[in-house]
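The structure appears right after this line, and notes come after that.
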Amino acid sequence: MTTIQAPQPAAPSPAPPEVHVHRFSPRADGSVLALFTGSRADQAVAAHAADLAARTDHPVTAAAVVVRSTGFSINALLHHARSRRIHAETDAILAPVLPVIARAGPARTTTLVAPAHINPYRSLPVDRVERLAERAGTEVAVSPVTLTGYTSPIARHLRPAAAGPRLTADRADRSRRGALLGGSAEQGRS
């Protein structure tokens, strides 16, 4: 008796990594800030940033996102060790993507130190990315994850309107009558 194995279906390939583009300026042709987290989506971010930079003739600033483990220390040796860890992680994250970015022209590198409670594989804080973009002089950020926090630089400066006292139907009617007569209905009752 012989057994015949049916052909196995090919394993489904994982979905292509998503690239998120965030504009910090109304200009669409500014320099590009590419954020890298060390994930599999970094290659897609590098390719997209290189394409944007090649189209606009602006340089790319590559930023490695490194998560801060603890706060600052007064011990100089611990501070030095932390600094070396951040530089080593930055080099490890940027090494695989710099050849892709270099095709578009010269690139600058920097580090974005994220707070310890942030998971860089899920989201990044938009306020820190915004500050880094201002310092680097970039107007477009390309990221493998969404930016959370404020939705735009303009929304940060807007304050929600203070809620006034709730008007009952009777008080609303009196205030409308007072406004029609040129004064406040509340003032006329005293």
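The values are calculated or read from the model by the stated rules, or taken from the named source; none is laboratory data. The shown structure was predicted, so the numbers you read here are calculated from the model rather than taken from an experiment. Note that each Cβ is placed from the backbone with ideal geometry, even for glycine, and that neighbours are counted across all protein chains shown. SASA here: full protein model, heavy atoms, side chains in, ligands and nucleic acids out. Shrake-Rupley method; radii C 1.70, N 1.55, O 1.52, S 1.80 Å.
Some points to look at:
- Any chance residue 67 is under 21 Å from the mean Cα position of the chain (by Cα), open to solvent by 30 Å² or more (accessible area, probe 1.4 Å) and either within 25 Å of residue 115 (Cβ to Cβ) or at pLDDT below 85 (or both): yes
- Here is the figure for region 123-135: residues that are under 18 Å from residue 89 (Cβ atoms) and open to solvent by 70 Å² or more (accessible area, probe 1.4 Å) total 0.
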